[in-house]
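A short write-up of the structure that comes next.
No value in this document is a laboratory result; all are computed from the given coordinates. Just so it is clear, the model here is predicted, and its values are computed rather than measured. Quick reminder, even Gly has a Cβ in these numbers, built from the backbone with ideal geometry, and neighbours come from all protein chains shown.
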């Protein structure tokens with residue numbers, strides 16, 4: 001059996017980092033971990049190929065080679081996924097789809113032969129058996145959420161590693177909180193499940209065996225959702241890292257209550273965590289309560305950010321405007337918070353109602369839903385009727401983007417961020433600025449061609465005089481800022 005694994009294309013968004021990755025000679029942030037895991041669940045004798053459309057084109061010859069095509073996607077990849085399904089069906093191929101998008105919107109893909117709703121650890125082996133008997137079903141959905149102890153080591157070697165800026169692994173699924181707008185708790189539940197320490201170290205061993213060195217993204221939506229197990233993992237991760245010469249640095253996502261636990265923060269620092277994404281959402285307490293994000297109301301958010309930064313970890317964060325409880329001055333309050341928190345990579349979006357979330361159900365009941373979400377909450381469109389005047393909300397949102405990603409504003413936040421980073425340069429030989437050609441491209445575009453070149457050189461001068469030990473990271477932040485600036489122009493003009 002020949003199986004083609006296809007990952008649909010992402011549109012150009014803040015999250016794609018496409019304009020920054022070009023400097024590095026990379027095509028995408030990281031490979032499709034879900035498909036690499038599915039590959040490991042296929043019978044060993046089956047042939048398999050991976051085409052990640054974010055790093056290479058899907059050719060007709062790829063489809064013609066295969067007996068079956070597997071594809072998975074998030075909602076923002078919907079159009080590309082539908083195109084892939086149509087192309088493969090036109091060539092008479094059996095098409096199997098899964099992932100977050102179809103798990104909440106399966107009725108949108110009638111052309112697929114088989115659809116997997118939710119997690120596949122128990123249903124995929126069932127499908128293989130049904131297929132061998134000649135009786136595969138159209139829909140597969142697990143009766144309960146599976147333990148992750150049965151999840152195999154992903155087939156990292158299947159990916160074209162040199163086309164990505166980071167690799168990814170997963171430790172847990174689920175989150176204990178109940179944010180109204182979040183689809184993670186709908187798909188994965190509110191009881192975080194984790195892999196064993198042995199599983200995680202085996203995955204890192206496999207990744208290290210590929211020759212990869214550098215950044216690893218632990219893709220959990222809340223890495224500390226199960227604090228007890230995380231605290232058992234980290235000492236072994238620290239030991240593993242030291243024994244192997246610290247081959248990886250880590251980034252992940254976590255809830256703000258990370259700031260309450262000095263012991264956990266210290267272990268993450270020792271394990272070489274470099275960046276943490278937080279769901280800040282808003283500095284307005286009433287809006288947090290509306291969103292059922294009570295965990296953010298029990299602490300000073302600005303102090304929490306600075307506490308995490310004090311352990312040498314950069315904070316990246318998500319922010320939202322468009323809550324019913326947002327006051328008239330929400331836009332200035334968001335700008336001021338982002339500025340004071342020294343968060344360069346501030347992902348600000350309009351509130352969006354994702355399918356099958358609590359927010360979706362509430363707005364549907366209130367008759368305020370307009371259309372299905374595109375999955376991209378940063379391009380300035382709404383899929384529901386807000387309480388604030390729509391024009392005022394969208395214009396205020398665009399003003400936030402124009403302000404926080406203006407060159408002077410962004411570079412100052414980057415400098416403020418660098419002042420918190422105490423770990424120094426990463427012990428790897430493949431950083432962006434170690435590649436002379438890549439740095440030359442950055443200097444050419446940002447320092448000569450770009451209209452903000454004077455701001456860039458002022459930033460570089462201050463970096464060299466004040467943050468020399470973090471020069472490599474400073475240049476990386478400059479490249480990311482360029483990406484955000486390019487996208488912002490397309491959104492606000």
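Spacing of the modelled spin labels on residue 147 and residue 57, each 7 Å from Cα toward Cβ, amounts to 4.8 nm.
Just need the relative contact order of the chain here, percent rounded to a whole number, with Cα pairs under 8 Å and 6+ apart. Please report the intermediate quantities before stating the final value.
Numbers: 877 pairs, mean separation 65.2, N = 493.
This gives 13 percent for the chain.
Between residue 129 and residue 178, the simple label model (points 7 Å from Cα in the Cβ direction) yields a spacing of 3.6 nm. Among 89, 137, the ranking by other beta carbons within 10 Å of each residue's beta carbon, starting with the fewest, stands as 137, 89. For the pair residue 161 and residue 448, the difference between a 0.36 nm per residue extended length and the Cα-Cα distance amounts to 100.2 nm. In the chain, the DSSP beta bridges split such that about 5 percent are antiparallel, to the nearest 5. Judged by the ratio a/c of the largest to the smallest principal axis of the C-alpha gyration tensor, segment 71-177 counts as rounded, that ratio being less than 1.5.
Note on the chain: helix-only mean residue ellipticity at 222 nm, from DSSP H runs of 4+ residues weighted -39500 (n - 2.57) and normalised by residue number, equals -12500 deg cm²/dmol. Which whole-number percent of Cα pairs in the chain have a distance greater than 29 Å? In whole percent, the share of Cα-Cα pairs in the chain beyond 29 Å is 51.
How much FRET efficiency would the formula 1/(1 + (r/R0)^6) give for residue 436 and residue 91, where r is the Cβ-Cβ distance and R0 is 45 Å, rounded to 0.05? Plugging the Cβ-Cβ distance into 1/(1 + (r/R0)^6) gives 0.50. Between residue 297 and residue 339, the FRET efficiency estimated from the beta carbon spacing at R0 = 22 angstrom works out to 0.50.
Residue exposure proxy: 88, 179, ordered by other Cβ atoms within 10 angstrom of their Cβ from fewest to most, comes out as 179, 88. The spread of Cα positions in segment 432-492, taken along each principal axis and listed from longest to shortest, comes to 36, 23, 18 Å. Let me know the shape class of segment 166-302, please: from the alpha-carbon gyration tensor, a ≥ b ≥ c as square roots of the eigenvalues, rounded when a/c is under 1.5, otherwise prolate if a/b is greater than b/c, or oblate. The shape class here is prolate.
One chain, two ends: residue 139 and residue 328. Fully extended at 0.36 nm per residue, the span grows by 63.4 nm beyond their Cα-Cα distance. Straightening the chain between residue 1 and residue 389 buys 134.1 nm, computed as 0.36 nm per residue apart minus the Cα-Cα spacing.
Ordered by the number of other Cβ atoms lying within 10 Å of each residue's own Cβ, fewest first, 369, 278 fall into the sequence 369, 278.
Calculated translational diffusion coefficient of segment 166-404 (4 °C, 1.567 mPa s; Stokes-Einstein with Kirkwood radius over alpha-carbon pairs) equals 68 µm²/s.
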